[in-house]
Amino acid sequence: MTSIGTGYDLSASTYSPDGRIFQVEYAAKAVENSGTAIGLRVKGGVVLAVEKLVHSKLLVPGANRRIQTIDKHIGMATSGLLADGRHMANRGRDEAASYREVYNSPSPLKIIVDRLGLYAQAYTVYSSVRPFGLSTILGAVDKDGPQLYVIEPSGVFFGYRGAAVGKGRQLAKTELEKLQIGELTMRQAVKEAARIIYLVHEDAKEKEFELEMSWIGDETGGVHLPIPKELQQEAEAAAKASIEVFE
Amino acid sequence: MFDVQSVAHQGPQSRQFNPYTENGGTILAIAGADFSVIAGDTRQSEGYSIQTRYAPKVFQLTDKAVLAVNGFSADGKMFVKKVKQRLEWYRHAHAKDMPIRSIARLIQTMLYSRRFFPYYVYNILGGIEDDGTGSVYSFDPVGSYEREACRAAGAAQSLVQPFLDNQVYYKNQTAGQDESFPTHLPLPSVLKLVVDAFTSATERHIEVGDGLEIYVVLKRDSTAIQSMEGVQEVTTSEEGQRVFYIRRELKKD
Amino acid sequence: MDHFPTNWGRPRNDLHDAYGTYPIHQHPQHAPKDAFADGVKRTQQPIVTGTSVLGVVYKDGVMLAADNLASYGSLARFKDVQRLHPVGNHTVLGVSGDMSDYQYIQKLLEELVIEEFTEQDGSILGPAELHEYLSQVMYARRSKINPLWNSLIVGGVKDGQRFLAYVDLLGTTYKAPTIATGYGAYIAQPLLRKAVEPYTDVLTEEQAQSILEECMRVLYYRDARSLDKFQIATITEEGIRISETRHLASSWSFAEGIRGYGAQTQ
């Protein structure tokens, strides 16, 4: 990058002469180094999956979760800096609780995403802070049915039927595009999600990883929960088998 | 003559929320030469209603200290909780249990800090001092305290204390020729007194009854405890003090 | 007209309550009042209230009962109110006393449950934890001389343990095999003690239900702030069931023959 040494990349509150904010772009780089996270909006629900790279064999299985719960009906998967993800989740919880306090009903996901987007954006306009090194996938089932959104480090957000962030996002997106995503059942989506995560992990085969998955929808009564053990094992076994066939 | 109007115009009647109530029950403690006995009944009541037949009023604080709390039970629960918390902090800071005399002073400080919105509770603390003697400390709700050999408190204090004065301090008794009263009673006699005190209080006071819980704290190597029915050892400390728990039924009417 | 609902339906000029027939907070007050003078001083009094709640421990769990009435003084104001509130899958809260404070408590619990759920740490609040939480809230509020004007019964089953406990506006707490609030403490509690306490490990669900129904009937006959519509909550290892509203059969024909009291016959 030509930005190095110019001084325009030292602060989020300074544009470069060609109109870029390098600190925000660097934040996006932080996400690219992180394990892939995907989300599928399917018939009757949303499925989230994360390729959690395990940097040490000494870690307890299940440690450092990257899928978190924002409200009963809202789940969140992050890619990027783990600690930033936790901070974002806490903010999400506060926003969801505040919506409930004011309106006495579970919040539509769009509201939460909107507020978190504004929150992320605020960290791109001050010299005293750094932007979130985070791409956030939010999934929910609200009054309008299943919802899926992604918030980028810049604060920009879009709704998706299938979303992928992190290192393997390109391949994951290609795979997601092949699916008839609106036709999948939640159970099928769990299998596909597991397969995609295992597939994109092929590029970083030497690294250990844990597949972390959760869902919200008809299968869970509209509540965000981890995938049941048996289904998770079944999906992982199928995913492994599909990789071997692929090879 | 009773004039309704004049009474009615005496200004606004105060109808303030009363943050206190009394939950009945009685506690007592007796110190021996090398032991201490702390006891309380387990009935909790409000007015003429029995709320429950089992609500403990006697709590083991450390391996050598037991606290009995009587009065307004919500205050009592909170107070015991806070004392235990302070004792835990003390352990973390000093790697040992707080001595009895210090617990007593701590309780005074905690009670007096609420001088103008008191914990409505009467406390009796029993245990073994550092010098190995059995001790009893009694407190009023705002922290006034003293070390004694025996004390009763609560609903039936006025029934039990005179009995104890007579049987422990030998008040109003005269020793026979060439006889003298012992300064300390042996444990079996004390336990008999405790059980008798509570069965009698149960007979004569409606707020006392249901169950009796007795804690005995023994000095190291003390042989005071005899084989007694239903005695259960609770803890033994590194320093050798032992705590025993005895439960007896009381009448439930 | 006296616009003070807690005075409605009470004898006039009853300044001296020699027999302690009024709950302390409802002592009649008929003196002319300055609308503002004591407005600041007066801490609170319950406005819309629910009457007794009953709770029993039986063989397979815990059962609570409460009628569906919320009274405005002596006025039967709301006749379809549920006073049994499920919290999670192991606990039911039965509430008597002020209904707006009850709704506030519901809000607190909803917040608490979501906070705990989002932790996703595998631990779930059971009846014991919720009772402790409510005790702390109630005691803290009484200590600010700003109580939540309720008597609460917390019932539940978790990890094979049956749990039944009480907490009120003073922060007073206790556990017992049978509990009743309000007038239930005087009228139903003795009946429950006799019918339930020796048999908590053998009473079937059907037996517990019929005992509670009978107590609710007695309360309906004697408690003027009660209703003949009630619900029963059953908490077992399997989860929570809160019944549909049930109707209490009662017969008032005996009243036809009553002409005054004592020697008065006409």
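The values are calculated or read from the model by the stated rules, or taken from the named source; none is laboratory data. Not measured: the values here are computed from a predicted model. Heads up, the Cβs are rebuilt from the backbone with ideal geometry, glycines too, and the neighbour counts pull from every protein chain shown. When the accessible area is computed, the model is the full protein with side chains, heavy atoms only, and any ligands, DNA or RNA have been set aside. Shrake-Rupley method; radii C 1.70, N 1.55, O 1.52, S 1.80 Å.
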request  = Select from the range A:69-118 the residues that are in a helix (DSSP H, G or I) and within 10 Å of chain C (Cβ to nearest Cβ) and list them in ascending order.
outcome  = A:Ala89, A:Asn90, A:Gly92, A:Arg93, A:Ala96, A:Ala97, A:Arg100, A:Glu101
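Only one residue in A:Leu171, A:Leu148 is modelled with pLDDT of 95 or more, open to solvent by 10 Å² or more (accessible area, probe 1.4 Å) and over 14 Å from A:Asp84 (Cβ atoms). Which one? It would help to see each step written out before you state the result.
Working: A:Leu148 fails: open to solvent by 10 Å² or more (accessible area, probe 1.4 Å).
Only one candidate passes the filter, namely A:Leu171.
Just checking, which of A:Leu40, A:Leu81, A:Leu53, A:Leu58 is over 19 Å from A:Leu134 (Cβ atoms), open to solvent by 30 Å² or more (accessible area, probe 1.4 Å) and among the hydrophobic types (A, V, I, L, M, F, W, C)? Talk me through it step by step, then tell me what you get.
Working: A:Leu40 fails: open to solvent by 30 Å² or more (accessible area, probe 1.4 Å); A:Leu81 fails: over 19 Å from A:Leu134 (Cβ atoms); A:Leu53 fails: over 19 Å from A:Leu134 (Cβ atoms).
Only one candidate qualifies: A:Leu58.
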request  = Would you check if there is a residue in the range A:183-204 being out of contact with any Asp or Glu (no Cβ under 8 Å at 6 or more places or on another chain) and either without any contact (Cβ under 8 Å) to a residue 24 or more places away in the chain or within 21 Å of A:Val24 (Cα to Cα) (or both)?
outcome  = no
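Given the options B:Arg43, B:Arg86, name the one that is within 13 Å of chain C (Cβ to nearest Cβ) and touching a residue at least 24 places away in the same chain (Cβ under 8 Å).
Working: B:Arg86 fails: within 13 Å of chain C (Cβ to nearest Cβ).
Among B:Arg43, B:Arg86, only B:Arg43 is within 13 Å of chain C (Cβ to nearest Cβ) and touching a residue at least 24 places away in the same chain (Cβ under 8 Å).
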inquiry  = Against the definition (at pLDDT 95 or above, more than 14 Å from chain C (Cβ to nearest Cβ), outside any helix (DSSP H, G or I) and closer than 20 Å to B:Ser237 by Cβ), how does B:Ser135 come out, yes or no?
reply    = yes
remark   = Of all helices (runs of 4 or more DSSP H) fully inside the range B:1-117, the set with 1 or more residues that are open to solvent by 80 Å² or more (accessible area, probe 1.4 Å) and at pLDDT 95 or above is B:73-94, B:100-112
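Going by the conditions given, is C:Lys144 within 14 Å of chain A (Cβ to nearest Cβ) and surrounded by fewer than 15 Cβ atoms within 10 Å (Cβ to Cβ)?
On the way: within 14 Å of chain A (Cβ to nearest Cβ): no; surrounded by fewer than 15 Cβ atoms within 10 Å (Cβ to Cβ): yes.
The answer is no for C:Lys144.
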ask   = Within the range A:210-243, which residues are under 29 Å from A:Asp144 (Cβ atoms), open to solvent by 30 Å² or more (accessible area, probe 1.4 Å) and either at pLDDT below 95 or assigned to a loop (DSSP other than H, G, I, E, B) (or both)?
value = A:Gly221, A:Val223, A:Pro228
ask   = Hey, does the range C:64-85 have a residue that's under 30 Å from A:Gln68 (Cβ atoms), within 14 Å of chain A (Cβ to nearest Cβ) and under 18 Å from the mean Cα position of the chain (by Cα)?
value = no
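Report yes if some residue within the range A:151-159 is in a helix (DSSP H, G or I), in contact (Cβ under 8 Å) with a residue 12 or more places away in the chain and open to solvent by 20 Å² or more (accessible area, probe 1.4 Å); otherwise report no. Please lay out each step first, then the result.
Initially, the range A:151-159 is screened for residues in a helix (DSSP H, G or I), giving none.
Within the range A:151-159, not a single residue is in a helix (DSSP H, G or I), in contact (Cβ under 8 Å) with a residue 12 or more places away in the chain and open to solvent by 20 Å² or more (accessible area, probe 1.4 Å).
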request  = Find the residue count for the range C:158-175, including only residues that are on the phi > 0 side of the Ramachandran plot and of a type in the set (Lys, Arg).
outcome  = 0
note = The strands (runs of 3 or more DSSP E) lying wholly within the range B:146-253 that contain at least 3 residues that are without any contact (Cβ under 8 Å) to a residue 60 or more places away in the chain and surrounded by fewer than 20 Cβ atoms within 10 Å (Cβ to Cβ) are B:231-236, B:242-249
key: Answer from A:Ala140, A:Ala122, A:Ala49, A:Ala89 - the residue that is farther than 30 Å from A:Ala194 by Cα and in contact (Cβ under 8 Å) with a residue 12 or more places away in the chain   = A:Ala122
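Taking the range A:1-31 as the region of interest, how many residues are among the acidic types (Asp, Glu) and surrounded by 14 or more Cβ atoms within 10 Å (Cβ to Cβ)?
Going residue by residue through the range A:1-31, those that are among the acidic types (Asp, Glu) are A:9, A:18, A:25.
Of the ones still in play, those that are also surrounded by 14 or more Cβ atoms within 10 Å (Cβ to Cβ) are A:9, A:25.
Selection size over the range A:1-31: 2.
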Near pairs, Cβ below 8 angstrom, 6+ apart or cross-chain, from the range C:178-191 (modelled with pLDDT of 95 or more and open to solvent by less than 10 Å² (accessible area, probe 1.4 Å)) to any residue that is charged (D, E, K, R) and part of a strand (DSSP E or B) = C:Thr181/C:Asp168
query = Based on what the data block shows, is C:Phe230 aromatic (Phe, Trp, Tyr) and open to solvent by 70 Å² or more (accessible area, probe 1.4 Å)?
reply = no
request  = Give the number of residues within the range C:236-256 that are part of a strand (DSSP E or B), touching a residue at least 12 places away in the same chain (Cβ under 8 Å) and surrounded by 13 or more Cβ atoms within 10 Å (Cβ to Cβ).
outcome  = 5
